Amino acid sequence: MPAEGGQLERPEVGRVAAAPLDRAEPETAPQDRVEPERIEPDGTAPAVSAPARQGGRWWRGFTGSLAAGLAVLAVGVLAVAGICRFTGAPGPGPTLLIGHPVAAVLALVAQRVADRRNGPAAVGAGVAVVLFTVSALTLFWLA
């Protein structure tokens, strides 16, 4: 209700203004409890492919670790190059700055193929991950 001066009165802090009884909402009708319907399989589900052999899991885990390690190494090389540029210290050259990220991306793409395929394609992609990792380490760190 407006007070003197045309302003609305505020309720005290911590109190809630109650709605008038004539505007209260009517009660809802009671409802019966209904149990969910149980759905049974009818035998037409698609066949599930056989799980990967234990040796395949080890190989995918190994090549995945190599690809992830190469990606972390590439990020590290780029971070060191940024720090060296900021401080004025000599840092990695352009060959390292381009080669590491390229090798990491190639290894991650090959690992994705190895994870998504089965058979010779997965083995070949895993071998590619190993080759990308070994070649990056040999070319950029041992040379």
What ranking, highest mean first, results for peptides 63-74, 90-101, 118-129 when packing means the other Cβ atoms within 10 Å averaged over each residue?
63-74, 118-129, 90-101
Solvent-accessible heavy-atom area per residue, rounded to whole Å², over the stretch 88-139 at 1.4 Å
58
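The values are calculated or read from the model by the stated rules, or taken from the named source; none is laboratory data. Being a predicted model, the structure only gives us computed values, none of them experimental. Cβ sites come from the backbone with ideal geometry, for glycine too, and all protein chains shown count toward neighbours. For accessibility, only protein heavy atoms count, side chains too; no ligands or nucleic acids. Shrake-Rupley method; radii C 1.70, N 1.55, O 1.52, S 1.80 Å.
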